[in-house]
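All of the numbers you see were taken from the coordinates with simple rules; none came from a lab. The structure presented is a predicted model; accordingly, all values stated were derived computationally and were not measured. Using ideal geometry, Cβ is built from the backbone for each residue, glycine included, and neighbour counts are taken over all protein chains shown.
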Amino acid sequence: MTALLVPGENVIGAILGDGWWRGKVGAFSTSNLYGETLALLLQLHITYTDGRVEWVRSDQDWLAATGPILSADLKDGEVLYVHFPQAERSTLVQDNQPTIRPAWMKCFLLRRPSPC
């Protein structure tokens with residue numbers, strides 16, 4: 001990660017897909033076997049050259065949007081919308097900055113599931 005950080009503002013981008021979590025798995029292609037909601041839990045530990053330490057954590061202040069991947073499943077493969085505008089997936093979006101991705105939304109926090 002160190003080589004990817006630049007002075008000033010940095011942005012983290014992630015692409016989520018159904019996969020094992022909620023895709024079709026097993027002999028009967030059962031969907032949502034492990035859960036129904038896609039989620040990201042991210043924590044980045046940064047140690048600066050002057051010794052300062054900073055933690056970056058995913059929270060409700062993050063933004064989310066749809067992308068060109070319409071579905072991604074272990075058995076059915078991936079469906080990609082090839083006419084989706086190609087933009088940097090990890091670019092800073094300001095409130096007053098126009099973007100080709102019009103549907104940015106605030107993220108929400110999920111409750112931690114109870115242990116079994």
Could you list Lys106, Lys24 in order of exposure, starting from the residue whose Cβ has the fewest other Cβ atoms within 10 Å? Lys106, Lys24
Can you put Arg111, Arg57, Arg22 in order, fewest other beta carbons within 10 Å first? Arg111, Arg57, Arg22
Could you check the simple spin-label distance between Trp20 and Leu40, using points 7 Å along Cα→Cβ, in nm with one decimal? 2.1 nm
Pulled fully out, how much extra length does the chain show between Phe28 and Asp61, if you take 0.36 nm times their separation in residues and subtract their Cα-Cα distance? 8.0 nm
